[in-house]
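The values are calculated or read from the model by the stated rules, or taken from the named source; none is laboratory data. Treat the numbers as computed from the prediction; the structure is a model and nothing was measured. Glycine gets a Cβ as well: all are built from the backbone with ideal geometry, and neighbour counts include every protein chain shown. To get the accessible areas, we keep the full protein, side chains included, count just its heavy atoms, and leave off ligands, DNA and RNA. Shrake-Rupley method; radii C 1.70, N 1.55, O 1.52, S 1.80 Å.
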Amino acid sequence: MADHIRKQIRDAADRGAQVQLSPSGKQVAYSIQTNGSSEIWLTDLTRLVPTRFSTDSASPVWSPDEKWIA
């Protein structure tokens, strides 16, 4: 599973998608194009568990306290 997640993040970055490391360095937010729309995914870097965060968003940006993503 870890290799799949690394590939997903790397592919997103290669396509020019925004990949943002959280201020603590514990999570990464990235956008993925799926069926013509953009989704933001979060991955916990300790457990390597991806979670879909939102749909119809393209550029994730963390708040300094990591309580929200714009």
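Go through (1) outside any helix (DSSP H, G or I); (2) β-branched (V, I, T); (3) open to solvent by less than 30 Å² (accessible area, probe 1.4 Å) and name the single condition T51 misses.
Failing condition for T51: (3).
Would you point out the residue of segment 1-25, among those that are surrounded by 12 or more Cβ atoms within 10 Å (Cβ to Cβ) and at pLDDT 85 or above, that is farthest from P60 (Cα to Cα)?
Checking each candidate, the answer is P23.
Can you name the residue in segment 26-47 that is open to solvent by 50 Å² or more (accessible area, probe 1.4 Å) and of a type outside the set (K, R) and, of all such residues, is modelled with the highest pLDDT?
Start the filter on segment 26-47 by keeping residues that are open to solvent by 50 Å² or more (accessible area, probe 1.4 Å), which leaves 26-27, 33, 35-36, 41, 45-47.
When the remaining residues are screened for being of a type outside the set (K, R), the result is 27, 33, 35-36, 41, 45-46.
Working: Q27: 91, Q33: 75, N35: 75, G36: 76, W41: 87, L45: 87, T46: 87.
Checked segment 26-47; the qualifying residue modelled with the highest pLDDT is Q27.
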